[in-house]
Amino acid sequence: AMVDAVTVALGKIGLRSLPLIVGEVGWPTGGQEPGADVHSACAFTNALLAHARFGRTPLGHPLPRLFLFELLDEAGKSASVATLGASERHFGLLTEGGAAKFELDWTPRDAQSGREAVRACPPPAPCSEDQECTAVPVAAIPVAAISGAAGATIGADTRAGA
């Protein structure tokens, strides 16, 4: 949705053909914010990959280049760096030691049905009686979130030949 909005806005000022990139997009696997867990990060990231394989936005615009944020967790990152606080340290697809937090689904689209075969993500951790449950159900992560939630940045790619 954000990519379509930016593309339409650029078109209104005569820059429709300007290539876009999504500078960073990701979902935290830890922190105090609701939904900052491995299950939600897995669901979001795999939905993003499935959406990227489709290759078009809901309005039919080509998808921009996407850069996942980020490869490794950064335990040493200051919690005050961003408004995300402690979650800012947990955007890595891998732990600081290089271990995968969840499986990424690189499955190509099913040519006959057009449907994606997204692998199951680990179930959310159960909540104990003395803690608030913060897991976000997979169904609660809309496609629109892929274009703008949890650390997405969209910008124009002004490099020549990009």
*Identify the residue in the stretch 23-39 that is hydrophobic (A, V, I, L, M, F, W, C) and under 10 Å from the mean Cα position of the chain (by Cα) and, among all such residues, is most open to solvent (accessible area, probe 1.4 Å).*
W27
*What's the number of the condition L49 fails, among (1) more than 25 Å from T107 (Cβ to Cβ); (2) assigned to a helix (DSSP H, G or I); (3) among the hydrophobic types (A, V, I, L, M, F, W, C)?*
(1)
*Determine the pairs where a residue that is free of Cβ contacts under 8 Å to residues at least 12 places away in the same chain, located within the stretch 15-33, has a partner that is outside any loop (DSSP other than H, G, I, E, B) and surrounded by 19 or more Cβ atoms within 10 Å (Cβ to Cβ) with Cβ atoms under 9 Å apart, the partner being 6 or more residues away or on another chain.*
R16/T7
*Qualifying residues in the stretch 52-68 (those that are in a loop (DSSP other than H, G, I, E, B) and touching a strand residue (DSSP E or B) at 6+ places or on another chain (Cβ under 8 Å)) - the one surrounded by the most Cβ atoms within 10 Å (Cβ to Cβ)*: P64
*Based on what the data block shows, is A75 open to solvent by 50 Å² or more (accessible area, probe 1.4 Å) and either over 17 Å from C121 (Cβ atoms) or not hydrophobic (A, V, I, L, M, F, W, C) (or both)?*
yes
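The values are calculated or read from the model by the stated rules, or taken from the named source; none is laboratory data. This structure is a prediction, so every number in the text was calculated from the model and none was measured. Positions of Cβ are backbone-derived with ideal geometry, glycine not excepted, and every protein chain shown enters the neighbour counts. Heavy atoms of the whole protein, side chains included, go into the accessibility calculation; ligands, DNA and RNA do not. Shrake-Rupley method; radii C 1.70, N 1.55, O 1.52, S 1.80 Å.
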